[in-house]
Every structure is written in structure tokens, then in C-alpha cells.
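Computed from the coordinates by the stated procedures, all read-outs in this text should not be read as laboratory data. Bear in mind the structure is a predicted one, so any value in this text is a computation, not a measurement. When we count neighbours, we look across all protein chains shown, and the Cβ atoms used for this are built from the backbone with ideal geometry, even at glycine.
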Amino acid sequence: MAIKFTLLGGLIYLAMTCYLAAAVLLAARRKGLGQGVYFLGFVVMIAAFVVRWSEVEHAPLQNMFEVFLCLGMLIYPISWFCRRFLRVGGEAADAGFIGVLVLAPAGFVFSASPEKLPPALQSPLFVPHVAAYMLSYIILAKAAVQAIAVLVGRRQSDVELVSYEQGAYRIAKLGFPLLTIGLVLGAWWAKLAWGDFWSWDPKELWSLVSWLVFLGYFHVRHMFGTKYPRLNAALVTAGLAAILMTLFVVNLARIFAGLHSYA
Amino acid sequence: MTRFQRMELWAVVALSGLLLVLSMAGSFLGVPRAAALFNSWPLVVFWFLLAFLLIAGLWSFKQLRQRPGSLMMHLAALLVLGGAMWGSIRGHEVANNLLGEKKVPSGYVQISEGEANNLITSNAGDVLGHLPFSLALKKFEIEYYPPSFKPTLEIVDRHERQMVLPTEVGRKFAVTDPQVEVEITRSYATLMVGEDREVFDAGGAPRNPALKLRLNWPSGQTEFRYIIARFPEFGQKDDGLRFSFLWPEPRPKQFTSSVIVNGNNGHAVSGTISVNHPMHYNGYHFYQSDCGEDPETGTPYTVLSVTSDSGLPAVLAGFILLMGGAVWHCWARPAWAFFTRRRGDGD
């Protein structure tokens, strides 16, 4: 664990502070101010993303540091979209829990040394494949937070918002097509770069596991509707666990040697 | 929902669950063993069962056929499964036996610059078959990124003070503790040691960059040291000084093979193959896979991975349908409902 004494590091820590402050303010029902500070954190993250892009001279989605930087930027627009169009709240948890947690690895764990793109990553599919995955991951993390609220027995008190179970379902429906697009574009790219759509590599297998868990969730929900809310919520939470496995453990644990060692 | 439909759904959930468990288990096996597992005969049965259930689902669930998004996703799964099975090793075995083809599912072709080859081998070098045409390698090129920094000599003294210095031959630097004058007397692109233990520069592209330093001690003693970029421990002594030759390792940007395909009909076709830009010819795709130099002649060679294109159109069509279906089902219908102020799907 190391503190980054750079402009980029400073922006990450500032955004984390904004997200934490926003979470506290939103939890204390200071809605206007909380939303403002949350938005300020988002603006800071855009600045951090632009700084990183200019440093590395390509879309900063190559390594773990850049991936978490991107995730930290995406959380605010997802929160806004979910409230505006899906009637799902939870901004305090989004900012204070998801936002801070995804920025912590970028701020304290992963190296920010810039890297050139290896030949395999120089593809027009690089940005859409990774961007689709990052968007789906942050969306499905928010779905899982709603699902955890169901599992711990919380009830939605805001009449303008849908129930937590319904919220998890709506957000999962928002994230699943992106998860599908990420998976398919990855296979397509693998075909162009390596000659095989699928190599049974640990990263590929765990991304398939994530997709299958959500596929199972949609089938179970189609079969039973909201009859078993905890089962639905458990499946969404398991989906997030599979995503964390794909994103973190497969990349970092040495037992999973594969083709995605740079990812 | 009828009892049959419910059973069918349970069967799909069970098979998906089994695939999930196998995928988790496969991730611990490593790529070769996982590939062998998923291509084994019991798994072939599994894939057929999954395809059968998808067809049965499309037949028995009217809803599935009426909703474009659901229909697209289930058809997509069938197409991907069918295409992948047709293009698999087993699929090729069946096609070769039934249709009398001699298509090799995948392998490697190694070609030296200026030569031609049509031999497909495995990763281990076993012969798998022959291409019905030959590939000649006109030229193999590696494009590099510009170096991110200039080569430098780093000297760390007894007090861990660091000096970073340019590597110009003839430059002298004074170190205070221990007191010594350091002079760069020679720079090597490829340092080599001959049979008589003489050190020489093999020249060419830098393969073993090194510096020769002369250390002039206050006692009048003169000493030479070789500092090798890729072997940082070489040339170090226990005298309070540490030298490092920081060499910007060239980072490849692209590997490109310029080839000529000599078809059986006498026609020759030129093409280039680079990473992410394969070449297609007569039922096969060629991908840039590896490269090297003949250790004796120094002639560069390229290794192209070869993959049969059987089943490819079905898989690609499945991919497009899968993405389109997911977007249609999960986004387009609820968005339509939202904007027309109707109730969303499944709410």
C-alpha cells in the first residue's frame, strides 16, 4: 500500500473525499448539498481520467489501476440514471460504499506507471470491450447493493422509489446487456487476435460464470417472479461475487495463469 | 406455465448451473486441461443436450417466439453452440469422415524469410496435416515504440546517494565516497565473450547492451568493469559502489508478416498478417502468433497460427443476435414503456 504523491493521486484522493462527504450528507438527508458534493467528486474523476489519458496517450483502460479509475468515474452517472429513469435510489451507498471502494485500489494499491499498449491490445475492439465490461460491473455492483438490502431485511421507505427487490431487478436488466456485449466483443476480439473465440482461460471462464449467474437469475425470476425475494437477491449478490472473482482474484492470484495476465 | 414448461425451465437452470460449476472448476485446471475437459465426449453430450433444450424451449414457449428479444437471444445461443461444435476438433472429425474433407481444425505454420511452407504442426511440433496451398514469407518486421528514456548509468555510493549520468563514451564522473573516478570507455550493443575470453561487440540490433567502465582509484590502481543492462548483478563488488546500466528495453508495437500464397491453380496472392489483422484464404484464417531467428543463420522466421473457418458465420451471426436480443429485451422494451408511460416488462 502506497500513497501517490502525484497530480493523479491527488485527484483520486479528492474524489474519494467528495464521495465520502456526499455519502454522509445524503445519509443525513441533506439531499441538495449531498448531490452537489457527489457531482463535484464526479467532475474531479473526469479530470483524473483526462489526466491519465494524456499521460498514457491511449484510452486508460489497460491495467488494473486504469480500470478502477474508470469505475470510480462511472458511479455518479449510474446513480443519476437509476434515480431519473428507473426510480431506484441508494446514492449514499453508491458514493460512500461503491465509489470509495473502487477508488481505493487505484489510490493505494495498483501502480500508476504508464505502459505502452502491447500489439494484442491495439484493436478497435479494445475500448468497447473493456468499456462495456466496466459499465456493466459498476451497474451490477449497484444492483447487488439493492439486493443486499433485501437480504438484510430493509424496506424501502421512500414512496417515490421502487422496492429494493424491484430496484435490483431493474438495475440488473440495465447491466446485463452490457455484460453480454463485453463477453461477445471479448470473444470476437480473441478470434481476431489469437484465432480462437474461446481459449478456456481462467478470466474467460469466470466472466462466463458471472454471465451465467445473471442468466440464471433472470430465468428464476421469470419462473417465480417476486415470490422468493431473498432467492432473487442472493443470485444478484452471487453475480457480484463472480464479477469480483473475475476482476480481482483471477488477475492477482497466481493459481490462475492465463492469457489475460496484462488485464 | 404448464408442468412440462416448468420442468424444461428447471432443466435449463440445472444445465446452466452445471456449466457454471464446470467453468469454475476449469479455471483451476489451467488452459490445456480445461480445453481438454470442455472438448471431451461427455461434454459433447452436454452441449447437444443444451442445444436440444433450447430448441424444445423455442417450440414449447409461445412467449419466447413472440418476444423478439427473447427469440433472438435463444436463437443466438443455438447458433453459437452449433457453429462452435461445427468448428471444434470433434466437428472437424465428423465433417472429415462424412464429407471426405481433410481440413485441419487448427495448428501452426512456421516459415523462414524467403522460404515457403504448407506444413501444419501442433504447438509441440507434431505434424497435423498440410495446407492445400503454400505460404511464402517475403518479409517479417517488428515495429517498436520509440524508447521512453535515454540509456543512463546509475551510480549509488556508500551513503545510498544516487547519480544518474548520460552514457557517453569518454565521460568521467567523480564519486566522493568511496573516492574514485569513473570513466565510460566503451558502449556495447551486443556484448559477447569469445572462445579466448575476449570481449567483443557483435553489433546489430541491441541484444545485450553493456558498458565498459574504468575506475581510477586514488591509490593509482586502475580497474575495468563491465556493466550489463540485462544482468544487473554482473560486475558488482563489495566496495560501497553499485552500478546499473539503465537501458530502455524496446517495446514491440506490431509484428507483421508479408506473405505470398501460392495456390494450386498457379495464382499467387500477396497479403500481410499482423496481430489483430488476420488473413483469410481458402477456408483458413492465419494469425500472427510468434517469431524468432534461426540460431545458426540468423534468418528471421514467423510462426502463424492457422484456424479453419468452419462454423464461423454461424458463431458471428449468433454473437450479433445475442447482443441485439439482450439490448432489445432488457432496454428497448422497458424504454418504450417508459417513454409511452406504460408499465415496464415484468414490473
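Structure data summary
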{"item": "Within the stretch B:105-183, GluC sites (Glu not before Pro) in DSSP loop having at most 11 other beta-carbon neighbours inside 10 Å", "result": "B:160, B:168"}
{"item": "Student exercise, the stretch A:1-115 dipole from Lys, Arg, Asp, Glu Cβ charges, in Debye to nearest 20", "result": "640 debye"}
{"item": "Computed magnitude of the charge dipole of chain A (debye, nearest 20; Cβ of K, R +1, Cβ of D, E -1)", "result": "840 debye"}
{"item": "Separation of alpha-carbon centers, the stretch B:305-340 and the stretch A:31-51, rounded to whole Å", "result": "34 Å"}
{"item": "Mean-position separation - Cα centroids, the stretch B:181-205 and the stretch B:208-272, in angstrom", "result": "11 Å"}
{"item": "Calculated P(r) of chain B - Cα pairs past 30 Å, %", "result": "62 percent"}
{"item": "With at most 14 neighbouring Cβ atoms within 10 Å, loop trypsin sites (Lys or Arg not before Pro) (DSSP) excluded, longest segment of chain B", "result": "B:238-340"}
{"item": "Euclidean distance of C-alpha centroids, the stretch A:187-217 and the stretch B:2-62, integer Å", "result": "15 Å"}
{"item": "Helix runs (DSSP H) in chain B reaching 30 Å along axis by Cα, Kyte-Doolittle at least 0.5", "result": "B:3-29"}
{"item": "Charge dipole (the stretch A:177-258, unit charges on Cβ, about Cα centre) - positive-most of A:179, A:237, A:225", "result": "A:225"}
{"item": "Links that overshoot a 25 Å alpha carbon limit, given the list A:142/A:203; B:103/B:253; A:203/B:138; A:203/B:102; B:150/B:212; B:139/B:212", "result": "B:103/B:253; A:203/B:138; A:203/B:102; B:139/B:212"}
{"item": "Assigned charges on the beta-carbon of Lys, Arg, Asp, Glu; the protein assembly as shown dipole about Cα centre (debye)", "result": "3360 debye"}
{"item": "In the stretch B:269-317, chymotrypsin sites (Phe, Trp or Tyr not before Pro) in a DSSP loop with at most 11 other beta-carbon atoms within 10 Å", "result": "none"}
{"item": "Spin-label pair residue B:186/residue B:282, simplified geometry with 7 Å Cα→Cβ offset, distance in nm", "result": "5.3 nm"}
{"item": "Simple spin-label estimate for residue B:214 and residue B:234 in nanometres, 7 Å along Cα-Cβ", "result": "2.2 nm"}
{"item": "Of B:84, B:305, B:105, farthest towards positive along the dipole that unit charges on Lys, Arg, Asp, Glu beta carbons give chain B", "result": "B:84"}
{"item": "Semi-axis lengths, Å, chain A, gyration tensor of Cα atoms, sqrt of 5 times eigenvalues", "result": "29, 26, 14"}
{"item": "Positive-pole candidate from A:27, B:133, A:78, dipole of the protein assembly as shown, charges at beta carbon", "result": "A:27"}
